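The values are calculated or read from the model by the stated rules, or taken from the named source; none is laboratory data. Please read these numbers as outputs of a predicted model, since none were measured by experiment. Methodologically, a virtual Cβ is constructed for each residue, glycine included, from the backbone with ideal geometry; neighbour enumeration extends over all protein chains shown. Heads up: the accessible areas ignore ligands, DNA and RNA and are worked out on the full protein's heavy atoms, side chains in. Shrake-Rupley method; radii C 1.70, N 1.55, O 1.52, S 1.80 Å.
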2 protein chains.
Amino acid sequence: VPKRSPEYREARRRDILDGARRVFAAHGYEGATVVRLEEEIGLSRGAIHNYFPSKWDLFYALAVEDQSRATRLWLDEGYEAVVRHLVEQSPDWLGVYLELARQFRTHPELREQWDRRNPELNERLEARIAVAQAEGEIRDDASSDDVGTFLSVILDGLALRTGFGVRDDVDGLLRLVDSALAPRA
Amino acid sequence: VPKRSPEYREARRRDILDGARRVFAAHGYEGATVVRLEEEIGLSRGAIHNYFPSKWDLFYALAVEDQSRATRLWLDEGYEAVVRHLVEQSPDWLGVYLELARQFRTHPELREQWDRRNPELNERLEARIAVAQAEGEIRDDASSDDVGTFLSVILDGLALRTGFGVRDDVDGLLRLVDSALAPRA
């Protein structure tokens with residue numbers, strides 16, 4: 001087996017992820033068969049397997065990427081940017097997440113792996129909320145956990161609706177979110 | 001074919017719906033095969049077909065029932081009651097809704113049928129929001145559409161999270177929702 005450079009491996013890993021994302025979006029998680037993955041990615045199952053041992057690993061890598069990007073966006077540009085980014089996502093790709101509900105419930109180990117994704121970014125996000133409270137940007141008479149749950153529930157609701165093909169006007173929504181979190185007089 | 005009384009037909013319809021709900025929750029929408037439906041309901045496919053021509057019709061009838069119940073609860077007891085009821089639902093059954101995202105996107109006619117469910121109750125709900133604004137219970141400087149979207153996004157977010165097996169503390173969430181909608185000073 002010839003040794004490949006790290007650059008080669010990284011580029012190939014990228015190609016596999018991009019192809020897999022298209023297959024998941026087009027056919028769903030269950031419908032993303034080995035044959036479809038091979039065709040779209042243009043590599044054999046053996047070659048793909050060298051990078052990702054299973055379909056779940058492929059999906060998981062894509063999901064961790066998405067979540068990292070969203071959390072970084074939140075940290076760098078704020079919650080509104082995350083909301084606007086989310087509703088512009090592909091409904092087909094978001095729909096794949098929705099299909100996974102059953103897998104998470106029936107395979108607790110996948111759910112645990114999912115919960116452990118991006119711990120460092122999640123800690124930074126919690127710290128960000130606490131700082132915003134301390135600095136009087138958002139109310140400090142609600143716990144940072146409650147604020148985090150509130151903001152996450154809204155993102156999840158928008159993800160579900162976008163995945164169902166609903167297109168919401170988010171301007172009015174964002175104004176109400178701001179009101180909910182504004183410091184009390 | 002013997003004529004059956006309306007009471008007999010109604011009781012049988014109820015049995016079919018209750019059995020179908022259990023099969024959907026246990027096996028998902030795709031996994032709810034004719035054989036499994038026959039076994040759980042205790043009737044032949046022909047007998048079931050007399051009441052519901054297709055699996056979609058069965059699911060749709062259950063979903064309309066759920067939505068009617070939730071909307072009535074909202075009208076009778078308020079939004080908080082709907083939130084508390086939702087997070088106590090079976091994650092397995094809520095998960096079936098999530099699986100349907102793909103079907104709604106690929107079969108627009110199912111989505112249109114879904115959007116037309118319970119029009120009368122939905123109108124009453126919109127009127128309810130407008131009245132609450134007029135009476136000063138909730139702010140009137142946001143459109144009733146925006147208020148409706150905000151409240152629906154939160155319900156959908158909780159439905160997704162419950163379907164994924166997440167159990168949120170809804171007390172803090174409800175306090176923030178109240179703040180968002182409180183009349184402005």
Exercise. Could you figure out which of (1) more than 10 Å from every other protein chain (Cβ to nearest Cβ); (2) at pLDDT 90 or above; (3) open to solvent by 50 Å² or more (accessible area, probe 1.4 Å); (4) not in a loop (DSSP other than H, G, I, E, B) isn't true of B:Glu88?
Key: (4)
Practice problem: Would you point out which residue out of B:Glu7, B:Glu38, B:Glu30 is at pLDDT 95 or above and farther than 30 Å from B:Ala180 by Cβ? | Solution: B:Glu38
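If I ask for residues that are at negative phi and crowded, with 19+ Cβ neighbours inside 10 Å, which ones from segment A:22-39 would you list?
Start the filter on segment A:22-39 by keeping residues that are at negative phi, which leaves A:22-27, A:29-39.
Selection gives A:Val23, A:Phe24, A:Tyr29, A:Ala32, A:Leu37.
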